[in-house]
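Visitor: First the structure, then my questions, so here it is.
Bear in mind these aren't lab numbers, they're just calculated from the coordinates by the rules spelled out. Since this is a predicted model, take the numbers as computed values, not measurements.
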């Protein structure tokens, strides 16, 4: 089983087409999420569990967890879809030490955190995102289609050459964390 987490605010589900597209990539079936109606005007996290069909929909009030620091963790984990079973990701998250989250490193390349895609600010002011993320997130896809992000291979060994780091996902949006030396905990 898979899931989507969708931001709902002001009575509307946000960026639905990107979630429908990712669901379609899983099994080739077209999903229509236009019927989603949040229970109010506050900010909600909508969790849609699905396989061949939508199995459940749940709305919860959303409060953003604080993430300021990230610890690089080497792993060969594969996570191309948002699986309900996140035990592999949770095991890696458990290695974060005093950091708020992890950065998964695969074959020396930066991928994602446990809950978000990453972007790095280069010296020319461009935001780069890993060409091979663990998961192609919906906010990442939106920012790529808006040409705000540029895909590139980003090696851990080159991390210090970047000015800043940001995380992004459907619920958080695009969130700069600050300078590399402040955000990364080796």
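Visitor: Go ahead and estimate [θ] at 222 nm for the chain from helices alone: -39,500 (n - 2.57) per DSSP H run with n ≥ 4, summed, over the residue count, rounded to 500. Could you put the intermediate results ahead of the total?
Guide: Details: 4 runs with 31 residues, N = 186.
Taken over the chain, the calculation gives -4500 deg cm²/dmol.
Visitor: Angle, helix 16-27 long axis vs. longest principal axis of the chain, Cα atoms, 0 to 90°, nearest 10?
Guide: 90
Visitor: Let me ask another. Any idea what the relative contact order of the chain is, in percent, if you count C-alpha pairs under 8 Å spaced at least 6 apart? Each step should come with its number before you reach the end.
Guide: On the way: 378 pairs, mean separation 35.8, N = 186.
Here the relative contact order equals 19 percent.
Visitor: Then there's this: Could you please state, rounded to a whole Å, how far the C-alpha centre of region 69-135 is from the C-alpha centre of region 1-52?
Guide: If you average the Cα positions of each part, the centres end up 23 Å apart.
Visitor: I would also like to ask the following. Work out, in µm²/s and without decimals, the Stokes-Einstein translational diffusion coefficient of region 84-186 at 4 °C, 1.567 mPa s, Rh from Kirkwood over C-alpha pairs. Write out the running numbers ahead of the final one.
Guide: Working: Rh = 13.8 Å.
In µm²/s, the coefficient rounds to 94.
Visitor: How big is region 1-111 in terms of Cα radius of gyration and Dmax, in angstroms?
Guide: Using the Cα atoms of region 1-111, the pair Rg, Dmax is 16.0, 45 Å.
Visitor: Moving on to the next point. What percent antiparallel are the DSSP beta bridges of the chain, to the nearest 5?
Guide: Counting DSSP beta bridges with both partners in the chain, the antiparallel share is about 75 percent.
Visitor: Two decimals is fine: what's Rg over Rh for region 1-44, C-alpha atoms, Kirkwood radius as Rh? Before the final figure, lay out each step's value.
Guide: Working: Rg = 11.2 Å, Rh = 11.1 Å.
With Rh from the inverse mean 1/r over Cα pairs, Rg/Rh is 1.01.
Visitor: Reported to two decimal places, what Rg/Rh ratio describes the chain when computed on Cα atoms with Rh from the Kirkwood expression?
Guide: Details: Rg = 16.4 Å, Rh = 17.1 Å.
Here the Rg-to-Rh quotient is 0.96.
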